[in-house]
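S.K.: The structure's right below; bear with me while I get my questions together.
Rule-based calculations on the coordinates, nothing more; no lab input. In this text the structure is predicted, and so the values were computed from the model without any measurement. FYI the Cβ positions are ideal-geometry reconstructions off the backbone, even for glycines, and counts take in every protein chain you see.
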Amino acid sequence: MIRPVLFSCLLVAPAWASTWYVAPGGDDRFSGSNALPLATLTEALNRAAKRSDGDSVIVLKPGQHVIAKTIEINASHASSIKGSLTLSGQPGAVVTGFRNIPASGWKKPDAATLKQLSPEARGQVVQVPYSQIATGDPGHLSRRGFNVAEVRETPPALLFVNGNPMPLAAWPDQGTVKPDAILDAGPTRDGKDSRYFYKRGGTFRLNTDRLTAWTKERNLWVDGTFGYDWEWSFNQISRVNRLTRTLTLADGEVSGLMNESFLHPGFRVVNAISEISMPGEYCIDATKKRLLLLPPSAGDAWKTSACVTWSTGPLLSVKSAAGFRLDGVVLDGARDGLMEIIAGNDVIVRNTTFRRNGGDGLVAEGAGIHVSNCLFESCGGAALRLSGGDPVLLAPSGSTVDHCLFQRNAWWSHVFNASVELHGVGHQVTDCQFLDLPHMAIEAKGNDFLIQDNLFRRTCKDFRDMGAVYLNTGESPLLRGTVVRGNFFDDIGRAGGNRSAVYLDNATMGVTVEENLFRNVGATGDDWTVMVHGGGYNRVEGNLFLDCSMPCEVAFLFATWAADLLPDYEKGWITALAGPSVPAALLAYPELVNFGTEDHVHPVGIVIAGNLALASSTPPAYGLLRVEGGSSSDTHAVDNTVQATTLVQVDGLLSTDDLPGWAQDILDAWRE
């Protein structure tokens, strides 16, 4: 069951440990005692590296510990020989890459800029040069989005006020627009013109008089989708032609510019000085190295909290260390990632907050990495990327994530940045909460993960065809063994568009989904709660569905839209089945011995059994299970029940009388 996320700090150093205190306003010439603290974490680490063998502790006292460059922690600080190192924060200790903007730095714009602004904004917009904030390169806006990772750059200095990221000025103010006509679809990612993908983009017509003002902009971008929903893109506008009313993009879009009626493309034009119109909107002017802002509130009070992400990150880098502990610290304000763990062993991160940055929160690789009671909030990309374990021997990592809260992440790079991304073997994610996310919550890319007793609520909010828990591992039949058990999925996909709870996409195999509680998932009869998308040996058993529009779907993709892709998949399977991990996989998954002779159009081993769907209003249109591209005989579907009932709201859950014992147990566990 889900337990409350609790935060506490390790504040008392063990009596046998060497301990140094660090405080803003300290002095690196001091002893580092509680009464005479050091000024910098760097000096404390230098002293810890020079200590005699034995455990050590660095305590950060309350205040802002500003990081100019990455702090590295390695085996000289923490190892089985040297001893452990604990970096502990007292309440209010913040390790930050933010730079505060002096209130006096904000001025009225110059005359040329005033002419670009709308009359309504002209008397309100203020500007600040980066030179008034800090020294160094503030960065610039760059291409990002789906399937363009190889050109990813560090985000620029991003503006926060009152702890919240400010939005780039955009048109339209609300919602999105579509191209009125596509004149040139441009090169696609994998098409015949793919060599030009990063050299030129497509051209489309947009019938708006705003193009006249946009011709004077020097750093104009589009933010949205021009094709399939998951192909979100941030692409620069290279040319504006007000006479033909056309916009040309700098780079290609993954599938080219598309405008078919069955798609749901939509975009906004962003970072236009002429479009600053809403409180809080700002522009990044890389040419004149300044920020322009329409203040988020009247008066000058907002100025005391205005700051920009500055350190390029990560703030902390833990390399080849064993026995490192991070406890009770807040990490925030990096332009990119906040923390990385490389080749870590026996590393514990607890009671720590990762927040308000442009990239990932924590990227961790190694064995025995334990992340607990942490808050991941407003991370620009993924919140936590965890890898480890031996994929050849299928030896588990021993790494765990528990009692953590993940909310409002992927705010800068919206798609395919899960709050938790799992690579490798055997990680466990338990008793966590995932709230208010634009895309997926957990993506699993490996073997034998356990996802248990978590809460998922309002995920997949902004993009269609996605799942709160998402696996897309069908290209390798050896990636199996993940279990999704005892979780509560609530209020997902109510806007429609196949936003599901558990999505086993593109022939993903060997996953068990059992004893979960699903409530209010999907909006129409075509929105699935659990999707088995063409892979064998997937089991959906003993789950309770409350008011879900379509509890389960099995879609045989190689019998439908992806029939022509089966030969490509089969080539990949042959390669995977000749790899070094096959002996261990055959022991772990005996069914693999028959993989070469099985029917892959309608694969065996799909079990949908013992599930119960309760409907308080409209019953599911297809019953508990819909099968696409085959028939119910292509699955082992038994003992599934749909029944009408009166559901009563109790403490945020639903209760009902006359449930089977196992279903009542699921509800009782969540009430606890």
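S.K.: Taking every DSSP beta bridge with both residues inside the chain, roughly what % is antiparallel (nearest 5)? Walk me through the numbers on the way to the answer.
M.R.: Working: 45 of 179 bridges.
Bridges in the chain that DSSP calls antiparallel: roughly 25 percent.
S.K.: If the cut-off is a Cα-Cα distance under 22 Å, which lysines reach Lys178, setting aside same-chain residues fewer than 8 apart in sequence?
M.R.: Cross-link targets: Lys461.
S.K.: P(r) tail for the stretch 466-541, what percent of Cα pairs lie past 17 Å?
M.R.: Looking at the stretch 466-541, the distances longer than 17 Å represent 40 percent of pairs.
S.K.: While we're on this one: Any aspartates and glutamates with Cα under 13 Å of the Lys571 Cα? List them, leaving off those in the same chain fewer than 8 positions away.
M.R.: Glu475
S.K.: Which whole-number value in Å³ per residue fits the convex hull of the alpha carbons of the stretch 312-671?
M.R.: Per residue, the Cα convex hull of the stretch 312-671 comes to 131 Å³.
S.K.: Let me ask something additional. Please say if the stretch 225-368 is rounded, prolate or oblate, where rounded means a/c under 1.5 for a ≥ b ≥ c the square roots of the C-alpha gyration tensor eigenvalues, and otherwise the choice is prolate for a/b larger than b/c and oblate otherwise?
M.R.: oblate
S.K.: Determine the gain in length on full extension of the stretch Ala149-Gln664; use 0.36 nm per residue of separation and subtract their C-alpha separation, reporting nm with one decimal.
M.R.: On the way: separation 515, 0.36 × 515 = 185.40 nm, distance 4.59 nm.
Between Ala149 and Gln664, full extension yields 180.8 nm more.
S.K.: Between Gly123, Pro567, Leu625, whose Cα lies farthest towards the positive end of the dipole of the chain when Lys and Arg beta carbons carry +1 and Asp and Glu beta carbons carry -1, centred on the Cα centre?
M.R.: Gly123
S.K.: When the Karplus curve 6.51 cos²θ - 1.76 cosθ + 1.60 is applied with θ = phi - 60°, which whole-Hz ³J(HN,Hα) does each residue of the stretch 365-377 get, with x for Gly and Pro?
M.R.: Coupling constants for the stretch 365-377: 9, x, 10, x, 9, 10, 10, 9, 6, 10, 10, 10, 9 Hz.
S.K.: Additional query: Spin-label point model (7 Å from Cα, Cβ direction): what's the Arg47 to Lys571 distance in nm?
M.R.: 6.2
S.K.: From the gyration tensor of the Cα coordinates in the stretch 523-590, what semi-axes in whole Å does the equivalent ellipsoid have, largest first, with each one equal to sqrt(5λ)?
M.R.: For the stretch 523-590, the ellipsoid semi-axes come out as 31, 19, 7 Å.
S.K.: Next up: What is the Cα convex hull volume of the stretch 72-160 when expressed per residue in Å³? Let's see the in-between values first.
M.R.: Working: hull volume 20.8 nm³, N = 89.
Given the Cα convex hull of the stretch 72-160, per-residue volume reads 234 Å³.
S.K.: Using a Förster radius of 30 Å, what is the FRET efficiency between Arg242 and Ser142 based on their Cβ-Cβ separation? Nearest 0.05, please.
M.R.: Numbers: r = 26 Å, r/R0 = 0.87.
That gives a FRET efficiency of 0.70.
S.K.: Here's something else I'd like to know. Once phi is turned into θ = phi - 60°, what whole-Hz ³J(HN,Hα) does the Karplus curve with 6.51, -1.76 and 1.60 give for every residue of the stretch 392-398, x standing for Gly and Pro?
M.R.: 7, 8, 6, 7, x, 6, x
S.K.: Quick one: which of 46-53, 353-360 comes out on top by average Cβ neighbours within 10 Å, and what's the full order, highest first? Before the final figure, lay out each step's value.
M.R.: Working: 46-53: 14.0, 353-360: 26.4.
My ranking of the peptides, most packed first, is 353-360, 46-53.
S.K.: Oh, and also: Among DSSP beta bridges whose residues both lie in the stretch 50-134, state the antiparallel percentage, nearest 5. Don't jump to the answer; show the numbers that get you there.
M.R.: Working: 2 of 11 bridges.
Once the DSSP bridges in the stretch 50-134 are tallied, antiparallel ones form about 20 percent.
S.K.: Also: Stretch Leu587-Ser104 to full length: gain in nm at 0.36 nm per residue minus the Cα-Cα span?
M.R.: 167.1 nm
S.K.: Using the Kirkwood radius built from alpha carbon pairs, what does the Stokes-Einstein equation give as D for the stretch 317-399 at 4 °C and 1.567 mPa s, in µm² per second?
M.R.: 102
S.K.: Would you kindly give the portion of the calculated P(r) for the stretch 171-270 that falls above 15 Å, as a percent of all Cα pairs?
M.R.: Considering the stretch 171-270, 58 percent of its Cα-Cα pairs are separated by more than 15 Å.
S.K.: Relative to the Cα centre, what is the charge dipole magnitude of the chain, using +1 at the beta carbon of each Lys and Arg, -1 at the beta carbon of each Asp and Glu, and rounding to the nearest 20 debye?
M.R.: The calculated dipole for the chain is roughly 3320 debye.
S.K.: Specify which labelled value, from (1) 76, 72, 54; (2) 73, 66, 57; (3) 107, 70, 64, agrees with Cα extents along the principal axes in Å derived from the coordinates of the model shown.
M.R.: After the calculation, the listed value that fits is (1).
S.K.: Of the listed pairs Lys199/Lys289; Lys115/Lys288; Lys319/Lys445; Lys61/Lys319, which have alpha-carbon separations greater than 19 Å here?
M.R.: In this structure, Lys199/Lys289; Lys319/Lys445; Lys61/Lys319 exceed 19 Å between Cα atoms.
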